[in-house]
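S.K.: Below you will find the structure I want to go over with you.
The values are calculated or read from the model by the stated rules, or taken from the named source; none is laboratory data. All values derive from a computational prediction rather than experimental measurement. Here Cβ is always computed from backbone atoms with ideal geometry, including for glycine, and neighbour counts include all displayed protein chains. Remember, those area values only see protein heavy atoms, side chains included, never the ligands or the DNA or RNA. Shrake-Rupley method; radii C 1.70, N 1.55, O 1.52, S 1.80 Å.
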Amino acid sequence: LERSRNLTHLMTGCLSGAVIELLQTVGAVADDFLYNAFVVGGFVRDLLLRKTNMDLDIVVEGDGIAFARTLAKKLGGRVREHERFGTATIILHSGLKIDIATARLEYYEYPAALPTVELSSIKLDLYRRDFTINAMAIQLNPAHFGRLVDFFNSQNDLKQMAIKVLHNLSFVDDPTRIFRAIRFEKRMDFTIARHTERLIRNAVKMNLFGKGDDPRFFTELKLLLNEENATPAIERLADLGLFPFLWPDLRPHLNIDRRLRHCLVQTQRAISWFKLLYAGDQYDPWIIFLLAIMGRSPLSVLATFCDRFHVPPKTRALLLGEKQLADQASRQLATAGPPKNSEIHLAFKELRIEGLLYVMAVARKTEVKKAVSSYITKLRHEKPLLGGDDLKQLGYRPGPIFKTILETLLIARLDQEVKTRDNEIALVSQRFPLR
Ligand code: CTP
């Protein structure tokens, strides 16, 4: 059933000369080894959609590790080997990463599958992947360079914009694929095909993911929450019945749904606002979404979530720290009257951008939203005009007192009690008289 089509033309149109040359080198080295070599997965999918994808996944029918060593020498790069899986990663001097996997013909049985013996290694490798649209390959050996390998009618599913599994046990083999299905559906504006959706609902009903102790659940959730517009993906998670698994304390009922939808809209709005102002700044949108979804949950529930999904200790500490500080700041600012700038500063100064945007998203009072915006755009950048050197010149001896003085100056500056250097000097000598 394989449809043969050569993509060389499309490749030269869409890819840089350097990438083409790289792929040709892979093919040439494969010929030296007498292996077939292919680029597979998301790269092929995105090429056919004319989108750039710089993740190169290579599959060779042969010893992938030996192949990777030789290829790395030729391209100039480091190799990280994963002996147990027969895979390797080459990191080129340019920073580009190439993953090399071995397609092995091993005994691998699906009850309802074609007899294993009839499958070539590449076919079996592709058959084990998540969705048809990710199960295409392009051959790289010189004599067949650019040949599209499509055993499962994937091109048609791409055209139909359909997310389809390759076989009925796909989610049994790997339930984290449910998150991937949603992520691809929302990212590319595709639709999870009817039968595939049924398989997802069945897997959810059968509670297939059990305790969720596969760390890939968390990895996939992060990726989903990091997509450009995560809201539809989160709604799809709820629609497919995954909330009780992810957030058992938020069992959906009408009120929560409406509240949650509102909260997601506010989160998206806070993120867009920040992105507009600080386009180049690095931050993790997934943290904001996760904190917002769990906004009404006590800290202990977030801690349980982290334990259940094997969140790495550093990330766990970060999430818990942000939530604690942010919730505390929200409470403080919401209960008092209009806060002074120095109070806003004090409430927010330990928070990261993620925690701040979370406060902004869940705040019910405009005053709190305004406080975040003023802190992010102005207050967080404020500093006293005087520094340590100035204090020395004024006759103060370095010590813990410096910190106290500079903090006092900062508060006065934030609350606009001082403007000039002379104002600051006057304030220091008044509040901290030299003996
Ligand atoms: N894959 C899979 N099952 C998973 C994860 C990955 O079958 N649980 C396969 C898919 O065929 C995928 C390939 O491994 O194409 C590489 O995975 P990844 O880099 O995560 O996927 P991409 O399709 O490149 O996704 P993205 O565009 O988000 O990088």
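S.K.: Using +1 at the Cβ of each Lys and Arg and -1 at the Cβ of each Asp and Glu in the chain, identify which of 371, 433, 196 lies farthest towards the dipole's positive end.
M.R.: Farthest along the dipole direction, towards plus: 433.
S.K.: Specify the longest stretch of the chain that does not include any exposed loop site, a site being one of the GluC sites (Glu not before Pro) with a non-H, G, I, E, B DSSP assignment and at most 14 other Cβ atoms within 10 Å. Walk me through the intermediate numbers first.
M.R.: Numbers: sites that count: 2, 106, 109, 228, 350, 382, 417.
Value returned for the longest uninterrupted segment is 229-349.
S.K.: Hey, another quick one. So which lysines pass the test for residue 349, namely a Cα distance under 17 Å, with those fewer than 8 places away in the same chain ruled out?
M.R.: Reachable lysines: 323, 340, 369, 370, 378, 383, 403.
S.K.: What ranking of 390, 189 comes out by heavy-atom accessible area, probe 1.4 Å, highest first?
M.R.: If we order 390, 189 from most to least accessible, we get 189, 390.
S.K.: Moving on to the next point. Summing +1 for each Lys or Arg and -1 for each Asp or Glu, what net charge is found among the other residues whose Cβ lies under 12 Å from the Cβ of residue 58? Can you show the working numbers first?
M.R.: Working: positive: 97; negative: 55, 57, 61, 99, 125.
Net charge in that neighbourhood comes out at -4.
S.K.: How much of the accessible area of the range 1-160, in percent, comes from carbon and sulfur atoms when a 1.4 Å probe is used?
M.R.: So the carbon and sulfur contribution to the accessible surface is 51 percent.
S.K.: If you don't mind, another one. With every protein chain left in place, what is the accessible area per residue of the range 247-381 in square angstrom, probe 1.4 Å?
M.R.: Per residue, the range 247-381 has 51 Å² of solvent-accessible surface.
S.K.: Still on this structure, I have one more. With θ taken as phi - 60° and the coefficients 6.51, -1.76 and 1.60, list the Karplus ³J(HN,Hα) couplings across the range 235-248 in order, rounded to whole Hz; mark glycine and proline as x.
M.R.: Computed from phi, the couplings for the range 235-248 are 5, 5, 4, 5, 4, 7, x, 8, 4, x, 6, 7, 10, x Hz.
S.K.: Further, regarding this structure: I'd like the trypsin sites (Lys or Arg not before Pro) in the range 188-232 restricted to DSSP loop residues with at most 14 other Cβ atoms within 10 Å, sorted by number.
M.R.: Here the trypsin sites (Lys or Arg not before Pro) that fit, given the DSSP loop and packing criteria, are 211.
S.K.: Still on this structure, I have one more. Given the -39500 (n - 2.57) contribution per DSSP H run of 4+ residues, what per-residue ellipticity at 222 nm results for the chain, rounded to the nearest 500 deg cm²/dmol?
M.R.: About -16500 deg cm²/dmol.
S.K.: Give the lysines whose C-alpha is closer than 20 Å to that of residue 74, dropping any in the same chain fewer than 8 places away, or say none.
M.R.: Residue 74 reaches 97.
S.K.: For the range 379-435 and the range 301-325, what is the separation of their C-alpha centers, rounded to whole Å?
M.R.: 38 Å
S.K.: Using the Cα centre of the range 272-401 as the reference point, and only Cβ charges (+1 on K/R, -1 on D/E), how large is the resulting charge dipole? Debye, rounded to the nearest 20.
M.R.: On the way: 19 positive and 12 negative charges, 45 e Å.
It works out to roughly 220 debye.
S.K.: If you don't mind, another one. For a quick check of your reading of the filter: which trypsin sites (Lys or Arg not before Pro) in the range 303-343 sit in a DSSP loop and have no more than 16 other Cβ atoms within 10 Å?
M.R.: Values: sites: 308, 314, 316, 323, 331, 340; in loops: 340.
Filter output for the range 303-343: 340.
S.K.: To the nearest 20 debye, what is the magnitude of the charge dipole of the chain about its Cα centre, counting +1 on the Cβ of each Lys and Arg and -1 on the Cβ of each Asp and Glu?
M.R.: Here the chain has a charge dipole of around 1440 debye.
S.K.: If you don't mind, there's one more thing I want to ask. For the range 254-363, which chymotrypsin sites (Phe, Trp or Tyr not before Pro) are in a loop by DSSP, counting at most 16 other Cβ atoms within 10 Å?
M.R.: Filter output for the range 254-363: 278, 283.
S.K.: Step by step: find N for the range 388-431, compute 2.2 N^0.38 Å, then divide the Cα radius of gyration by it. What's the final number?
M.R.: Details: Rg = 9.9 Å, N = 44, 2.2 N^0.38 = 9.3 Å.
Compared with the compact-globule rule of thumb, the range 388-431 sits at 1.07.
S.K.: Around residue 355, what is the net charge, scoring Lys/Arg as +1 and Asp/Glu as -1 over all other residues with Cβ under 13 Å from its Cβ? List each step's numbers first, then the result.
M.R.: Values: positive: 323, 349, 352, 380; negative: 284, 322, 327, 350, 354.
Charge balance in the 13 Å sphere: -1.
S.K.: Something else about it: Regarding the chain, what whole-number volume in Å³ per residue does the convex hull of its Cα atoms give?
M.R.: About 197 Å³ per residue, rounded to a whole number.
S.K.: Convex hull volume of the Cα atoms in the range 247-381, per residue, in Å³?
M.R.: Looking at the range 247-381, the number lands at 106 Å³ per residue.
S.K.: Setting aside same-chain residues fewer than 8 positions from residue 186, which lysines have a Cα under 24 Å from its Cα?
M.R.: Straight-distance partners of residue 186: 51, 159, 164, 205, 222, 275.
S.K.: In the neighborhood of residue 390, defined by Cβ-to-Cβ distances under 13 Å, what is the net charge if each Lys or Arg adds +1 and each Asp or Glu adds -1?
M.R.: Around residue 390, the surrounding residues sum to 0.
S.K.: Something else now. Which percent, nearest 5, of DSSP beta bridges in the chain are antiparallel?
M.R.: Antiparallel bridges: around 75 percent, rounded to the nearest 5.
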